[in-house]
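The structure under discussion appears below in the form of structure tokens.
Since every read-out is calculated from the coordinates, none of them should be taken as a lab result. This one's a predicted model, so the numbers in the text were calculated from it and none came from an experiment. Note that we place each Cβ from the backbone using ideal geometry, even for glycine, and neighbour counts take in every protein chain shown.
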């Protein structure tokens with residue numbers, strides 16, 4: 001397994017800039033999640049690392065090997081990269097064993113070694129006995145697992161996963177995801193997981209990189225990107241976020257829905273405060289530092305619920321763990337307990 | 001750039017540039033090969049333009065606007081229009097009936113509707129002349145050409161109908177639409193492109209047909225070209241008329257393109273599991289069966305009845321050695337043609353299988369446009385070019401080469417369609433697993449695309465066996481193929497002598513036709529490539 005270092009990578013197709021001076025690095029054995037809306041360049045970044053696209057400028061280094069320097073690129077087939085595209089892309093004309101053995105060098109390995117590797121891989125993905133099955137005879141989750149085994153069988157420098165779970169239904173998806181991540185961790189694999197599912201990114205990765213319009217605009221540990229977003233928009237992309245109009249005075253104090261104490265004549269900067277729904281306490285008792293409101297809606301999820309409270313014509317969403325006994329129409333008081341994140345306008 | 005240029009960096013940079021050079025070298029070789037093929041495939045056109053330009057302009061104008069030419073143009077236009085309208089009506093109706101009506105043995109009923117493809121139009125024509133004495137003229141030609149080209153429209157429409165999602169029909173029904181409304185508002189808009197592709201084939205076939213029209217004494221453009229060429233060897237004049245014919249087929253192709261562009265949105269992907277709802281009405285079923293039976297009688301039963309009775313009447317006088325040698329040379333020349341076509345198409349196919357660039361796409365488009373070129377035109381051009389080539393002219397290899405040029409477009413279309421079946425993710429994965437570009441082609445692309453490409457090659461082989469005008473113009477002196485034997489006997493009404501040759505040709509041709517009429521193959525083969533027109 002190797003580290004990855006991308007610096008100043010730019011890719012454009014004709015006039016359209018896909019990756020814009022992108023830099024990113026990953027330590028050996030780390031798993032990164034690339035999170036962003038579709039069209040932001042996630043797949044292009046992955047394909048550049050895999051050598052399937054020729055960048056316009058910038059460098060990519062895998063381990064100590066320089067694989068891409070401006071438009072000079074090492075061909076994809078020499079990079080030893082495990083690539084798992086969206087649909088798995090199993091070879092439809094080969095059976096499971098042949099798919100897994102595809103990348104194994106028949107001039108270097110004996111037949112026994114190859115079949116042993118295939119066996120080990122099938123054990124790893126818990127599909128023993130599936131050697132002779134054709135891809136069309138596998139379920140979606142099984143196909144993804146075989147695609148992963150095929151990628152891992154060549155002992156890749158890096159594994160690239162391009163939304164491998166997106167086609168699966170929710171339940172299977174969670175299970176398979178944790179299996180796959182566990183597998184990658186057990187083998188100390190450096191990996192990049194492309195996803196547009198924020199939960200998937202936060203659960204799986206050591207490093208979460210948030211992409212917008214061909215750039216990585218924030219990266220860090222899941223905890224950091226969740227709790228220290230660099231902008232309200234970024235906050236919204238990693239989880240539910242409540243954006244409230246706010247103003248900051250010269251002495252640093254902030255006035256917003258939960259604390260309207262600033263005298264109106266002080267000079268101030270307008271902006272927004274970002275609050276996560278779980279950072280608000282809801283109760284029936286009234287304290288001095290709380291805002292009063294009326295419950296407008298309750299979305300019940302079982303393990304918790306999202307309660308919409310109307311405070312001064314503003315909808316405030318609060319996450320509360322179940323079970324609870326609040327009801328729509330009830331008067332409640334809200335208190336902001338979490339960190340204060342103020343973003344000045346512009 | 002922040003890169004620190006250590007020694008290691010330098011060595012890896014040189015490794016990078018070396019592999020980049022290797023890649024571009026093999027790509028350059030392939031591109032030059034494609035360039036050569038592109039040039040070869042445009043030789044007929046280039047030649048015709050040069051030849052027509054050499055003729056004094058006044059003479060060309062006179063030739064174009066003399067009463068005779070205008071009359072021929074009129075006849076050709078009537079033929080094409082009538083065949084287009086008739087195949088459109090009957091083809092779409094029959095395909096819809098085969099698709100939507102509950103019929104006994106539904107899955108094999110399609111075979112007799114497709115089988116006429118195995119019967120060359122000149123064989124079909126002569127069986128009808130033998131069956132109905134005095135059978136000739138424009139109406140007879142419309143009758144023959146409609147029946148010969150109906151399979152194109154039926155197959156293309158069926159392919160389209162199969163791609164329509166059944167659940168849409170159920171939704172439409174739940175919204176209160178009658179079957180009639182469902183067909184015109186839900187189904188038809190989605191299959192317009194398919195229908196247009198099928199009608200295009202029948203229009204091009206009609207335009208380029210030479211055998212049927214000349215046996216029926218109908219003078220269309222192809223016959224005129226052949227006559228001018230025969231009678232006067234005035235190749236300039238023949239070239240001018242040939243350009244008119246090309247203009248005609250270009251118009252047809254453009255119209256088809258327009259229709260297809262307007263139906264782009266209709267490329268729905270169908271869930272393979274959906275269950276089909278069939279029309280059970282007794283009246284509809286009876287009418288359908290009646291039409292299918294009539295079609296079977298006129299386009300299969302009668303030709304075969306004539307061929308077999310004539311063959312049996314003739315038992316004593318069959319010249320077995322001639323029959324054998326004609327069969328063998330037909331197979332040989334057609335095989336050479338198919339092989340050359342495959343060799344010519346290969347470099348383009350390889351480039352198309354990777355990430356095709358603009359040049360590759362351009363070459364593919366130009367070559368594909370060539371499928372509108374009538375055999376008479378290609379033959380005319382190659383006779384003139386070939387006569388300057390000395391030894392190779394009038395050999396079976398030059399004839400094979402002519403077949404290859406004539407049918408290259410079909411093969412390229414079929415290669416392109418087969419390659420489109422290879423998912424691009426699969427190629428990427430193979431590359432990432434260490435397969436170099438050649439290994440990707442060998443281990444992944446070829447195995448997946450091979451069945452389609454070999455079927456395409458077989459179709460070129462089949463089509464070359466039935467080809468008439470180019471064979472007549474370019475065959476080596478003394479070489480007789482099944483097609484030329486049939487032609488020379490049938491043209492002077494010696495039907496009995498033609499029967500054994502025709503029977504063998506039809507039987508050989510029936511095999512691949514049977515292959516493509518299998519429902520699972522039919523849709524994938526049909527829409528994109530044309531087959532069968534012997535021109």
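Let's test the formula: R0 of 41 Å, r as the Cβ-Cβ distance of residue B:442 and residue B:43. What FRET efficiency results, to the nearest 0.05?
The calculated FRET efficiency here is 0.80.
On a 0 to 90° scale, report how tilted helix A:111-124 is relative to the longest principal axis of chain A, with both axes built from alpha carbons and the result rounded to the nearest 10.
Orientation of helix A:111-124: about 20 degrees from the principal axis.
For a quick check: sort A:219, B:280 by the number of other beta carbons within 10 angstrom, fewest at the front.
Neighbour counts put them in this order, fewest first: B:280, A:219.
How many nm is it between the label spots at residue A:278 and residue A:107, if each spot is 7 Å from the Cα in line with the beta carbon?
5.5
So if we plug the beta-carbon distance of residue A:221 and residue B:362 into 1/(1 + (r/R0)^6) with R0 = 60 Å, what FRET efficiency do we get, rounded to 0.05?
My answer for the efficiency is 0.75.
Give the Kirkwood hydrodynamic radius (Å, one decimal) of chain B, defined as one over the mean of 1/r across all pairs of different Cα atoms.
By the Kirkwood definition, the hydrodynamic radius is 24.9 Å.
Please state the relative contact order of chain B as a whole percent: Cα pairs under 8 Å, 6+ residues apart?
23
Stretch residue B:27-residue B:324 to full length: gain in nm at 0.36 nm per residue minus the Cα-Cα span?
Additional length available on full extension: 102.4 nm.
Can you work out the PRE-style zone for residue A:304? Point 7 Å along Cα to Cβ, and I want the residues of segment A:310-346 with backbone N under 11 Å.
Backbone N within reach: A:318-322.
How much mean residue ellipticity at 222 nm does chain B get from its helices, if each DSSP H run of length 4 or more adds -39500 (n - 2.57) and you divide by all residues, to the nearest 500 deg cm²/dmol?
That calculation yields -25000 deg cm²/dmol at 222 nm.
Which whole-number percentage describes the relative contact order of segment B:369-471, with Cα contacts under 8 Å and a sequence gap of 6 or more?
39
What angle do you read, to the nearest 10 degrees and between 0 and 90, between the alpha-carbon axis of helix A:140-153 and the longest principal axis of chain A?
The two axes meet at around 60 degrees.
Arranged by the count of other C-beta atoms within 10 angstrom, fewest first, what order do A:154, B:119 take?
A:154, B:119
In Å and whole numbers, how far do the C-alpha atoms of segment A:1-155 stretch along each principal axis, longest first?
Principal axes ranked by extent give 48, 33, 27 Å for the Cα atoms.
Using the basic label-point model (7 angstrom from Cα toward the beta carbon), what is the residue A:23 to residue A:259 distance in nanometres?
A separation of 3.6 nm, rounded to one decimal place.
Sort B:185, B:285, A:150 so the one with the fewest other Cβ atoms within 10 Å of its own Cβ comes first.
Least crowded to most crowded, the residues run B:185, B:285, A:150.
Using a simple spin-label model with points 7 Å from Cα along the Cα→Cβ vector, what separation in nm is obtained for residue A:119 and residue B:174?
Here the answer is 5.2 nm between the modelled labels.
Hey, could you pull the Cα Rg and Dmax for segment B:281-429, both in Å?
Spelled out, the Cα radius of gyration and Dmax of segment B:281-429 are 22.4, 67 Å.
Would you mind calculating the relative contact order of chain A from Cα pairs under 8 angstrom and at least 6 residues apart, reporting the percent as a whole number?
Rounded, it is 16 percent for chain A.
Rounded to the nearest 10 degrees, what's the angle between the helix A:170-186 long axis and the longest principal axis of chain A, both from Cα atoms, 0 to 90?
60
If R₀ is 56 angstrom, what is the calculated FRET efficiency for the pair residue A:12 and residue A:285, using the beta carbon separation as r and rounding to 0.05?
Here the calculated transfer efficiency is 0.45.
Once the principal axes of the Cα atoms of segment B:451-508 are found, what is the range along each, listed largest first in whole angstroms?
41, 25, 15
Taking N as the number of residues in segment B:149-238, what value does Rg over Cα atoms divided by 2.2 N^0.38 Å take?
Segment B:149-238 yields a ratio of 1.73.
As an exercise, take the mean of 1/r over every pair of distinct alpha carbons in the protein assembly as shown, invert it, and state the Kirkwood radius in angstroms.
32.4
Express in nm, to one decimal, how much length is gained between residue A:315 and residue A:230 on full extension, taking 0.36 nm for each residue of separation and deducting their alpha carbon distance.
28.3 nm
Summing -39500 (n - 2.57) over the DSSP H runs of n ≥ 4 in chain A and dividing by its residue number, what mean residue ellipticity at 222 nm do you reach, to the nearest 500 deg cm²/dmol?
Here the helix-only value at 222 nm equals -7000 deg cm²/dmol.
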